[in-house]
1. Please tell me if B:K574 is among the basic types (K, R) and not in a strand (DSSP E or B).
2. Is there any pair linking a residue in region B:201-220 that is hydroxyl-bearing (S, T, Y) to one that is part of a helix (DSSP H, G or I), with Cβ under 8 Å and at least six apart or on different chains, and which?
3. Counting only residues that are among the aliphatic types (A, V, I, L, M) and either surrounded by 24 or more Cβ atoms within 10 Å (Cβ to Cβ) or in a helix (DSSP H, G or I) (or both), how many does region B:582-609 have?
4. For region B:529-562: of the residues being of a type in the set (D, E, K, R) and crowded, with 17+ Cβ neighbours inside 10 Å, which is nearest to B:Q368 (Cα to Cα)?
5. Taking the criterion of being touching a residue at least 24 places away in the same chain (Cβ under 8 Å), buried (at least 20 other Cβ atoms within 10 Å of the Cβ) and within 13 Å of chain A (Cβ to nearest Cβ), would at least one residue in region B:456-463 satisfy it?
6. For region B:119-146, give me each residue that is over 16 Å from B:T66 (Cα atoms) and surrounded by 15 or more Cβ atoms within 10 Å (Cβ to Cβ).
7. Output the residues belonging to region B:10-45 that are more than 14 Å from every other protein chain (Cβ to nearest Cβ) and of a type in the set (A, V, I, L, M, F, W, C).
8. Inspect all residues belonging to region B:214-223 and state whether any of them is within 14 Å of chain A (Cβ to nearest Cβ) and of a type outside the set (D, E).
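The values are calculated or read from the model by the stated rules, or taken from the named source; none is laboratory data. In this text the structure is predicted, and so the values were computed from the model without any measurement. Please note: Cβ atoms are built from the backbone with ideal geometry, for glycine as well, and neighbour counts cover all protein chains shown.
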Amino acid sequence: MTQLPILTAKDFASDQDIRWCPGCGDYAILNQVKKVLAKIGARRENTVFVAGIGCSSRFPYYMSSYGLHSIHGRAPAFATGVKIANPDLDVWVITGDGDGLSIGGNHLMHILRRNVNVNILLFNNRIYGLTKGQYSPTSETGKKSPSTPMGSIDLPLTPLSIALAAEASFVARCIDVDKNLGEVLERAAAHRGSSFVEIYQDCNVFNHFAFKHASDKDTKEDNIIRLKNGKPLIYGKDRDKGIRLSGDYKLEKVVIGKDCQEDDLIFHDESDEKLAFMLSRMSYPEFPEPMGVYYDVKDDCYEDLLTQQVADAIEQRGEGSIEKLLNSGDTFEVK
Amino acid sequence: MGTGTKQEAGVKPTSEIKSAVVRFAGDSGDGMQLAGAQFTSTSAVIGNDIATLPDYPAEIRAPVGTVAGVSGFQINFSSESIYTPGDKVNALIAMNPAAFKAHIDDVDVGGIVLVNESEFGKMNLKKAGYPEGYNPLDDEEMNQRFQLFKVPISRLNTEALAESGLGNKDVNRCKNMYALGMVYWLYDRPLDTTINQIDSYFGKKKKMPEVAAANIAALKSGFYFGETAELFPVQYHVAKAAIKPGKYRKITGNEAVAMGLVTAAKLAGKDVCYCSYPITPASNVLHALAGMRNFGVKTFQAEDEIAAVCAAIGASYTGQLGVTGTSGPGLALKSEAIGLAVMTEMPLVVVNVQRGGPATGLPTKTEQSDLLQAMYGRNGECPVVIIAAQSPGDCFDSAIEASRIAMQHRVPVILMTDGYLGNGSEPWPIPDHTKFEKIKVEHATDPETYQPYARDENLVRPWALPGTPGLEHRIGGLEKQHITGNVNYEPDNHQLMVEVRQKKIDRLAKLIPEIEPYGDPEGELLVLGWGGTYGSIYTAVGNARKEGKKVSGLHLRHINPMPTNLGEVLKRFKRVLIPELNLGQLRMLIRGKYLADARGLNKVQGRPFLVEEIEQAIDLMLQGKYGDREYLRPHNGLVRVEDQDYDFTSIDGRSQS
């Protein structure tokens, strides 16, 4: 066998000009994805990016792998078909808060519960960018936008809570410009099953600084918790703050050494679904927002089970013969 | 149709008839579909030609005893070739008053009406909507008009199964077999096919030997009752049809579609990926394919119609035969994704088992009203190939043809069937699988020459599969540059690409067979049809020709593109009649494309055409009585020019004139 060439991040770039606005958070994500693909030894020919519609969904055009830019909200359904028909392909689904949670909310829920082995990156910028700035399902209540001049009256969705409720087997969150993005993407790629990653992404044209609390170098460490499996929930620039479970099963912010000791804090457990859900409900400014892998458990993948059923059927009944098929049912001879 | 009665000492006389139309009708829980299916199997096995029409309610269990809950199954069986489930019913089996009420108008004068008298109590008569104090069984007019046989089937069945050891409920569920046994005797049919099937289903598969025994006992008791009771004056006999020797099977359109898809995939060296969302009347295509996993078939019950078509496109993208199946409302939901398949030039088969519309419409009834939706129901200039099957068995060939074109030409193909074809059945000569032509499908492999949107002589772009090194490329819904496939918004390129997608479909016409009418190649009248109306039109044209009328018929399988010589064929006839189960959708296409003054016979009553309806329209066309009317409609089996105007303000819409 000939040695396959080692690919670098650059090798995953297509020859097309990138048409995102200058300064868009999508660039950082694109670069990280390319780096991660190189790092994990992905093959261009075996990698398929499937996207819906929206700014983020242009992603496949900028990759040198196979790519399918589909229709609004349906990327998970296309990806499911791809994986059913060829489980050997590495499939990434690129979606956004509008594409994945509004028009395509149904498909997102179902690909997660089926645990199809794909990596889903939901770029959450809390706004509709491509259609010029209308509020999205993750926009905060009261959001003023061209379609809500008096402020939106919708309650926003929390993407991670949705994913967990939809029985996702891998759930994580990160920030477009943060150093942990690469790490999380690597973990997502390694996970067998649907990996759901919410990425806080800055739309610097229509919703600039929507996630300033989590991205501003000077203040972010006080506003996010970096999750580490088996470690206590500690945060703060001085790592002096933590999260504890109160007597009435509510989360509370505490100061270590003053309110309690480190051992009294919640210890992160990536296999604990209830903890993951509680973490997903923590939102700024009441709480620091957890970043990293919330939840990671092993479960069967849809396409593996389906392939197994085909193999079992062949084993039990023999490989299907067209002759036998045509001669099945109520047959009779006319002489 | 009787051809003679013979009388022997000690046995009831047997009357030899050519054909009969029998309809089983009862509450939807009465097992009428099962009784009908059994009667069909038996008739097929003994060599009659058959055609069937199941007619069931949209509700699984509408209120018991009501007209809304009546389920019917009609079978036409004959010693001659037949193409329709029959116009008038020769024998109706009515298991309750509601079934009697719903179907009595379809029974031929002098026809047999066998009723389950046990169910004609006060309550059931009321549920059926009969006025208090009225029982149609006592109605003199009914007794004069029909041969009314009143048999307490429920009671006799219960008595026959007294020793069965089953509870009342289970015993009562055998009454369909009791009724079936009586009808078997009436038409001189053997019991063994049904006994074997009961045995293998309840006895072997379900491991309920006592239920099997009870059903068989009920069947036999009904048969013996027919034989010994002095009820029916004659027993009828329908001889074997002179159909071509060979091996046959009973097939429904939905079964045939499933088998055709699997066969096509095998002929192309591929697997079927059938992605669908349950919808009446298409669901049993999904069921059939789900049972064929050992053929490599992968079925995916998606979360909705849209996901189903998208997953099918995803499967095609990786090189398998991606198929989605649905009915009208589902086709509407799939339209955007079908547009993507047109744009990305991806193989895709969409099976549309049409039903009555619009919206939810008549979910369990047949109609042909999705033709224009299939043609035009998408945004943009978005042509697809359309193929229509014309009989249950023909669904097999049509499914292979649809798959072949989709895979070889990288286009979505909509295969149009309908509820009547999907659930109707006929004897199907089992084809010799060794004679099937391989479906040659090529995939791009050479990175040196590969261009995603380069084209061959049929304007087909290469099918490059993910996993192939060096052919990585991006496709999607945005307009693509000719040859390179890069996103492109240039005005001239868009014009070129829109036209190339259209031309690709148009050029296909050269690769499909030319079409010739049956009957004479030219004449006074051409009756043009498409899809499931074939049997009725073919029979009506044949009958008219026997009477010396200068009528020919033509039935379209390829609707988009149409055969290249269709325009020329149309010109050979003075008049063109297009019967359709819609308000004139093919007529509009034919008028638009060929400037032909085609007239319609248009029926949207949830039921197939009666042969006599088409015969009447043929006569009116030949007599020039259509005048300025673009179409006529039948009412109660009659097509009358003077009966065409609706009074939309009156309760039944019939004009008072």
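1. Working: among the basic types (K, R): yes; not in a strand (DSSP E or B): no.
Criteria not met by B:K574.
2. B:Y201/B:A212
3. As a first pass, look at region B:582-609 and keep what is among the aliphatic types (A, V, I, L, M): B:583, B:586, B:588-590, B:595-596, B:598, B:601, B:604.
Pick out the ones that are also either surrounded by 24 or more Cβ atoms within 10 Å (Cβ to Cβ) or in a helix (DSSP H, G or I) (or both) and you get B:586, B:588-590, B:601.
Number satisfying all stated conditions: 5.
4. We begin by selecting, within region B:529-562, every residue of a type in the set (D, E, K, R); these are B:545-547, B:549-550, B:557.
From what is left, the residues that are crowded, with 17+ Cβ neighbours inside 10 Å are B:545, B:549, B:557.
Values: B:R545: 26, B:K549: 28, B:R557: 14 Å.
Ranking the qualifying residues of region B:529-562, first place goes to B:R557.
5. Scanning region B:456-463 turns up no residue that is touching a residue at least 24 places away in the same chain (Cβ under 8 Å), buried (at least 20 other Cβ atoms within 10 Å of the Cβ) and within 13 Å of chain A (Cβ to nearest Cβ).
6. Listed by number, the residues that qualify are B:L137, B:M142, B:R145, B:F146.
7. Correct list: B:V11, B:I17, B:A20, B:V21, B:V22, B:F24, B:A25, B:M32, B:A35.
8. Our first condition is that a residue be within 14 Å of chain A (Cβ to nearest Cβ); within region B:214-223, this holds for none.
Within region B:214-223, none of the residues are within 14 Å of chain A (Cβ to nearest Cβ) and of a type outside the set (D, E).
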